1. Tell me, please, whether a residue that is closer than 30 Å to residue 317 by Cα, surrounded by 19 or more Cβ atoms within 10 Å (Cβ to Cβ), within 17 Å of the chain's Cα centre (by Cα) and more than 16 Å from ligand 2 (Cβ to nearest atom) can be found in segment 204-218.
2. Only one of 63, 87, 38 is closer than 22 Å to residue 140 by Cβ, under 20 Å from the mean Cα position of the chain (by Cα) and either part of a loop (DSSP other than H, G, I, E, B) or at pLDDT below 95 (or both); which?
3. Scan segment 24-33 and give yes if some residue there is more than 23 Å from the chain's Cα centre (by Cα) and at pLDDT 90 or above, otherwise no.
4. Answer yes or no: is there a residue in segment 148-155 that is assigned to a loop (DSSP other than H, G, I, E, B), without any contact (Cβ under 8 Å) to a residue 24 or more places away in the chain and farther than 23 Å from residue 127 by Cα.
5. Can you name the residue in segment 325-347 that is surrounded by fewer than 19 Cβ atoms within 10 Å (Cβ to Cβ) and under 23 Å from the mean Cα position of the chain (by Cα) and, of all such residues, is nearest to residue 24 (Cα to Cα)?
6. Scan 227, 280, 245 and give me the residue that is within 16 Å of ligand 1 (Cβ to nearest atom) and within 24 Å of the chain's Cα centre (by Cα).
7. Has segment 108-118 got any residue that is modelled with pLDDT under 90 and either away from ligand 4 (no atom under 16 Å from the Cβ) or not in a helix (DSSP H, G or I) (or both)?
Ligand SMILES: [Zn+2]
Ligand SMILES: [Zn+2]
Ligand SMILES: [Zn+2]
Ligand SMILES: [Zn+2]
């Protein structure tokens, strides 16, 4: 992929992307398709989910919202084998047929059926365990349908040490899945590594915004190179996704756009956590999920400030969405064909636009 970035060694941080030319606010600097996407839903409808409502409202192949349909809607396109809209529904005949040899292969279909009926996985276990089992099915399926994409997945950061206990618990369950003969990469260590890579590198694909402002997660996605962007609590670029509106079959692509102009040679950073979080909250999350302590300029200032909870840093004023319950990051709309920046900032979380020249 060609983009105006170069990967360089950055002192104290490892590798990172720097701009090879001056970049404009709103400029799209990076775009890539996921290696894998998997549903964030537990395998079984939990008790608090209304009966009769559609449990997973997304296409099991492309993850677009499904417009119509209740559980009993016979117009919903389901998998011909598991044939229940809760298990797999598709937005089109095209997705239904593509899924057969990829995202919903016979291995995935049979494995998910097995897991749904596996008491070990549901009795006294958190729902998260079902989602982890679903992810491992997706990851091992990737090894079968695209060995090169699986190698890319293995090259992501995460050695698995912190997931050994969970992988050990899941191993007898995963070992019972209908793997093809000769499939020899399954092991506790491999599963632990895969789970760690997921935790360290995945991005949330959000549900459409509800009227209440609440948004759940519809799916998680892993991308080959976007994790190479380093973190800053004062990022100069942020990510966008247009999962329900892109029509070219690349709707789960991640798109990175500049928040403001930067000169050539400057490092391009994303924030791995929501930018409106307080210093102590960011510190806790970055350590827990990503395993590092941030020493960016904002952290240096806020670490020595007594008024942590009041967001003393003025970074938030311009780039944090002020819609209630949002806190998304704002970046100008994409630059025009002649490279001009837009007067409108778009929120990467709720999608609202704001004229920043007013
Ligand atoms: Zn679809
Ligand atoms: Zn199926
Ligand atoms: Zn920081
Ligand atoms: Zn917003």
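1. Looking for residues that are closer than 30 Å to residue 317 by Cα, surrounded by 19 or more Cβ atoms within 10 Å (Cβ to Cβ), within 17 Å of the chain's Cα centre (by Cα) and more than 16 Å from ligand 2 (Cβ to nearest atom), one finds at least one in segment 204-218, hence yes.
2. Residue meeting the stated conditions: 63.
3. Yes, the conditions are met somewhere in segment 24-33.
4. No: zero hits.
5. 334
6. 245
7. no
The values are calculated or read from the model by the stated rules, or taken from the named source; none is laboratory data. What you see is a predicted model; the values in this text were computed from it and never measured. All Cβ positions, glycine included, derive from the backbone under ideal geometry; neighbour counts span all protein chains shown.
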